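The numbers here are math on the coordinates, done by the rules we state, and not lab data. Bear in mind the structure is a predicted one, so any value in this text is a computation, not a measurement. Heads up, the Cβs are rebuilt from the backbone with ideal geometry, glycines too, and the neighbour counts pull from every protein chain shown.
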Amino acid sequence: MKFALYLSLLLFALVSFSEKSSSLSNYQIKKICDREKNKLSCTKNLKDKRYNLQNGNQIEIPVKPYKR
């Protein structure tokens, strides 16, 4: 009985922590870039990053400090 419990917990952990990544939709990209000064370059940059992410290439994600 303990073996079945441990096995089910192990399988649950493997399934729930699988490496899945979701990229931004076109609507989300447009919404993000509406706040930027240069919308065209922002859109092109995010679409390039989405393309690289979907093809399995690494992308750089800048970290901006939180401002209150």
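For the reader, a short list of remarks on this structure follows.
- Reachable lysines, given that their alpha-carbon falls under 29 Å from the alpha-carbon of K39 and they are not under 8 places away in the same chain: K20, K30, K31, K47, K49, K64, K67
- Of the labelled figures [x] 8.0; [y] 7.3; [z] 6.2, only one reflects mean projected area of the Cα convex hull in nm² as derived from the coordinates, namely [x].
- Helix 39-54 and the longest principal axis of the Cα set of the chain meet at an angle near 30°.
- Between L46, L24, L11, the GNM of the chain built on Cα springs shorter than 10 angstrom shows L11 fluctuating the most.
- Along the chain, counting only chymotrypsin sites (Phe, Trp or Tyr not before Pro) with a DSSP assignment other than H, G, I, E or B and at most 16 other Cβ atoms inside a 10 Å radius, the longest segment between sites is 18-65.
- Helix-only [θ]222 nm of the chain, DSSP H runs n ≥ 4, -39500 (n - 2.57) each, per residue, nearest 500: -18000 deg cm²/dmol
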